1. Restricting attention to the range 22-49, and to residues there that are out of contact with any Gly (no Cβ under 8 Å at 6 or more places or on another chain) and of a type in the set (Gly, Ala, Ser), which single residue is surrounded by the most Cβ atoms within 10 Å (Cβ to Cβ)?
2. Scanning the range 61-83 for residues that are out of contact with any helix residue (DSSP H, G or I) (no Cβ under 7 Å at 6 or more places or on another chain) and touching a residue at least 40 places away in the same chain (Cβ under 8 Å), which turns out nearest to residue 151 (Cα to Cα)?
3. Looking only at residues that are farther than 19 Å from residue 175 by Cβ and not polar (S, T, N, Q) in the range 93-122, which one is nearest to the chain's Cα centre (by Cα)?
4. Tell me, yes or no, whether the range 181-197 has at least one residue that is at pLDDT 95 or above, of a type in the set (Lys, Arg), surrounded by fewer than 21 Cβ atoms within 10 Å (Cβ to Cβ) and outside any helix (DSSP H, G or I).
5. Of the residues that sit in the range 145-170 and are over 14 Å from the mean Cα position of the chain (by Cα) and not in a helix (DSSP H, G or I), which one is farthest from residue 83 (Cα to Cα)?
6. Residue check, residue 133 against (1) among the hydroxyl-bearing types (Ser, Thr, Tyr); (2) part of a loop (DSSP other than H, G, I, E, B); (3) in contact with a His (Cβ under 7 Å, 6 or more places away or on another chain), all met but one. Which one?
7. Give the range 44-101 a look and list any residue that's in a loop (DSSP other than H, G, I, E, B), more than 13 Å from residue 17 (Cα to Cα) and polar (S, T, N, Q), or say none.
8. If a residue has to be free of Cβ contacts under 8 Å to residues at least 60 places away in the same chain and farther than 20 Å from residue 30 by Cβ to count, how many in the range 156-184 make the cut?
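The values are calculated or read from the model by the stated rules, or taken from the named source; none is laboratory data. Not measured: the values here are computed from a predicted model. Quick reminder, even Gly has a Cβ in these numbers, built from the backbone with ideal geometry, and neighbours come from all protein chains shown.
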Amino acid sequence: MPPQSFAAVGSTLARVGRRFYARGWALGTSGNFSVVMSRKPLRLAITQSGVSKRELGPAHILQCDERGAVIGRAPGRPSAETSLHIEIARRRQAGAVLHTHSVWSTVLSGSHAAEGGLLIEGYEMLKGLTGVTSHEHREWIPILENDQDMRRLARAVGKTLAQHEHAHALLLRRHGLYTWGDTIEEAERHVEILEFLLEAVGRAQTAGGRSWPT
């Protein structure tokens, strides 16, 4: 990956957080975002825990090592879900990982949890996902049970990603969406596409219709 300054990455993540807050995808202190600064050793720029995304600034971005420990003497704690970001970055070789808490990701992750995932097909917007070239694409988004034990949850995330090699995202039940990309720009686009699709599916189901054409 091209070299990036920590200051520049911090400014970008702060901008993403404020934008997602404005869209209703990361209200209050919800959501967490990261960018891989280096692979060997693994270094991650990630949002600080407990900060409103409306007020997120570069000073709220911390740098962590492969264990999730903060590098340097910066104040604050990294996101409680740092271990999930590390697992996704390793498993998918992702350059950035973004986690949102929108209404529709929360609702659909609960209503489809018994199925083990959510199938989305037939939508033109699917073509916004990397590698997808047709609206006929069938995107399966796995749904995992939420867990306050982050190490255990990270293992479950790793197992799920290994089982679903082509998935662009995953959902935590009644919690929210995780997606990723080779770059922060790609990951941000995936959030935009997936949040649109989740809302489209949710509204169709609420209206009593099908979530995709037959």
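1. Restricting to residues being out of contact with any Gly (no Cβ under 8 Å at 6 or more places or on another chain) and of a type in the set (Gly, Ala, Ser), the top hit is 34.
2. Ranking the candidates gives 82 first.
3. Here the residue is 96.
4. For the range 181-197, residues at pLDDT 95 or above, of a type in the set (Lys, Arg), surrounded by fewer than 21 Cβ atoms within 10 Å (Cβ to Cβ) and outside any helix (DSSP H, G or I): absent.
5. That would be 166.
6. (3)
7. Passing the criteria: 79, 93.
8. Number of matching residues: 9.
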